[in-house]
Every structure is written in C-alpha cells, then in structure tokens.
C-alpha cells in the first residue's frame, strides 16, 4: 500500500522551477516526482556525484539509446549535457553554433 501523501505548496524562483522542469523532462518524470525523489536523496545525505546516477530511472540508459538510434558516444554525451542545461542556455548554445 502506498504511503499517504499531503499537498505542500512551495514558492520557487522561476529559474529553479524551469530547472526542475528541464531535468524532469530529461528523466521522463513529472515535476512532482522529480522534486520528491531529489528531496528524499538530499535528506539521506547522498553526495551530488552519486545522486545523479541514482536518480536515473531503472531503464533510462537503455531507453535513451533506443530513442536516439545510432549515435556515437560523443554525440550521446553531447545530448545529455545539452539536456541538463537550462532552456535559456540551450537557446544561447543553439544561437552560438547555428
């Protein structure tokens, strides 16, 4: 049986909200699920470098490879780094290289 939940309203700076939105899209989760998961890990004291890998859904690397098709490791790394950028930084990078 699932643990009962409570509604908890939080005011966030727009940039932080956008960052949560971007990372939840990256991992194909709802923003709520992303916030809850990251709070749980933070409160457990997991260091940042370990937390990033721990936050990935179980089949994330496999699903991402299938969705991306045949790309090189370098291209895969570039896609992951790009998705971790805020929307504003993504746009700036696209403007720079195009």
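A short reminder: the numbers here are calculations on the coordinates, not readings from a lab. Quick caveat, the model's predicted, so the values are computed rather than measured. Using ideal geometry, Cβ is built from the backbone for each residue, glycine included, and neighbour counts are taken over all protein chains shown.
With a simple spin-label model that places each label point 7 Å from the Cα along the Cα-to-Cβ direction, the separation between residue 91 and residue 40 comes to 3.4 nm. Taking Cα Rg over 2.2 N^0.38 Å as calculated from this structure, the corresponding entry among [x] 1.24; [y] 1.29; [z] 1.00 is [x].
How large is the helix-only mean residue ellipticity at 222 nm for the chain, computed as the sum of -39500 (n - 2.57) over DSSP H runs with n ≥ 4, divided by its residue count, in deg cm²/dmol to the nearest 500?
The helix contribution divided over the chain gives -20500 deg cm²/dmol.
The GNM of the chain, with springs linking C-alpha atoms under 10 angstrom apart, assigns the highest mean-square fluctuation among 37, 55, 12 to 12.
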